[in-house]
Structure formats: C-alpha cells, structure tokens
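Asker: I have a structure here, written as structure tokens, and I will follow up with some questions on it.
Just so it is clear, none of the values below were taken in a lab; they were calculated from the coordinates. If you're wondering where the values come from, they're calculated on a predicted model, not measured in any experiment. Cβ placement follows ideal geometry from the backbone for every residue including glycine, while neighbour counts extend to all protein chains displayed.
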Amino acid sequence: MLLMIVGLAIFFLIHLVPTAPDLRRSLVERMGEGTYKIVFTVVSAVGLALIVYGYGKLYATPGKNPEIWSPPHAMRHATMLLMVLSAVLLAAAYIPSRIRTAVKHPMLAAVKLWALAHLLVRGDLASIILFGSFLAWAVYDRISVKQREALGPLGARPGGLGGDIAVILVGIGFYVVMLLWGHARLIGVPLVPGWN
C-alpha cells in the first residue's frame, strides 16, 4: 500500500505545480520551458510507475488489500458505458473538434469518468484510494483551470465535423484495444475472457 501511496503523492504533487501559476512561472524562468517540461514528464512517469506497480502488488497479494464493499455485478455495464465516454473524451483532449470545444477540458472529464467507472466496480481499499484520489484531483484541477482560465494542451484551436468523427473513431478504437487486450496486458486484469 505504501508504494502506491508514495506514487500517488509524487504524481499529484507534480500535477499541483500548474495550478499555482506563480510557482510554475518561477520554475520555468529558472529551468527554461523545455527543461521544466522534461522534469514534469519524468517525475509524473516515476509517480505513475510506482502507482501501477504498487497497485499491481496489492491486487495480486491476498490479505493485503481488504474488501470494503461488494459492488453489484450490474455496475459492470455502467462502467463499460462510462469507459467508452472516457476514451472518447481522452481522444478529444488531443484532437481539435467541436466535442473538445463544448467540453472545454476533456482530459479532466475523461479522468473523472474513468475514476468513477472504476469506483463503481472495485470495492477493495487500494482501488478506493487509487480511483478516489484521481477523482478528487480531477475535480480540484477542473475548478483550478476555470479560475486560471487555462486552455489545455491544444490552446484555443477549434475543430469541425472531421475532428468530431476522428475523436469518436480514435476514442472507440482505443476503448476496443483496451477492452480486448490492453487492460489484460497493462493492468493484468482481462476484461473479456479468451481475448488476452
């Protein structure tokens, strides 16, 4: 549990830097924009690696991860639907489209849906800490970007119908890959038996 919590602390602390514009500006002035981005990426990756490794160890070790509640099996269907929406919003964060313009910050919306979807089907302590933390961070960051009037990775680039189609196709394609192979390979939990 400690390894996952350390990873969460590292990941969220580095992601709090952009929410403090004066701190970010001061770091960029000292390091330069390129170095700042490299450090941000490396620290984020280290935090994420610790989260994934720590969570995987807890998931695979009986007795180390107590069950807090037992989600109803029917929640699985709601989770699958929320994950389709999350995958589409994730694609919208990187492809100019009317979907991105309407949602404003699709990456944060994707993280919120991803976290909520997993909280619906995982009742163990590690999952509640992991997905609850990401949900809380995404809510906080969404409030922060609204106050800072931050535009996200694409800035104000608008998109049209072609962008909308690309977002939907890329999002659904990513969802299908994760559903059939990715989740089993990356997380160690197959979602569709026989496809891993």
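Asker: Got the relative contact order for region 30-123 handy, in percent, Cα pairs under 8 Å and 6 or more residues apart?
Answerer: That works out to 31 percent.
Asker: Another one. Label point 7 Å out from Val192 along Cα-to-Cβ: which residues of region 110-124 have amide N under 14 Å?
Answerer: none
Asker: Hey, another quick one. Divide by every residue of the chain the summed helix terms, -39500 (n - 2.57) for each DSSP H run of at least 4, and state the resulting mean residue ellipticity at 222 nm, rounded to the nearest 500 deg cm²/dmol.
Answerer: -23000 deg cm²/dmol
Asker: Got a sec? Charge dipole of the chain, +1 on Cβ for Lys and Arg, -1 for Asp and Glu; which of Ile51, Leu82, Ile99 is way out at the positive end?
Answerer: The one lying farthest along the dipole's positive direction is Ile99.
Asker: Tally Lys and Arg at +1 and Asp and Glu at -1 over the other residues with C-beta under 14 Å from the C-beta of Val88: what net charge comes out?
Answerer: Local net charge: +2.
Asker: Which of Pro62, Pro158, Pro71 moves most in a GNM of the chain, Cα contacts under 10 Å?
Answerer: Answer for the Gaussian network model of the chain: Pro62.
Asker: Using Cα-Cα distances under 8 Å and only pairs 6 or more residues apart, what relative contact order does region 68-196 have, in percent?
Answerer: Averaging sequence separation for qualifying contacts and normalising by length gives 31 percent for region 68-196.
Asker: If you take the charge dipole of region 34-182 about its Cα centre, with +1 on Lys and Arg Cβ and -1 on Asp and Glu Cβ, which of Ser144, Leu116, Trp181 is farthest toward its positive end?
Answerer: Value computed over the given set: Ser144.
Asker: Which aspartates and glutamates have a Cα less than 14 Å from the Cα of Lys57, not counting those fewer than 8 places away in the same chain?
Answerer: Asp124
Asker: Where the only charges are on Cβ atoms (+1 Lys, Arg; -1 Asp, Glu), what is the dipole of the chain about its Cα centre, to the nearest 20 debye?
Answerer: That gives a dipole near 180 debye.
Asker: Right, another one. Given the Cα-Cα distance of Ile68 and Leu161 and 0.36 nm per residue of separation, how much length would full extension add, in nm?
Answerer: 29.0 nm
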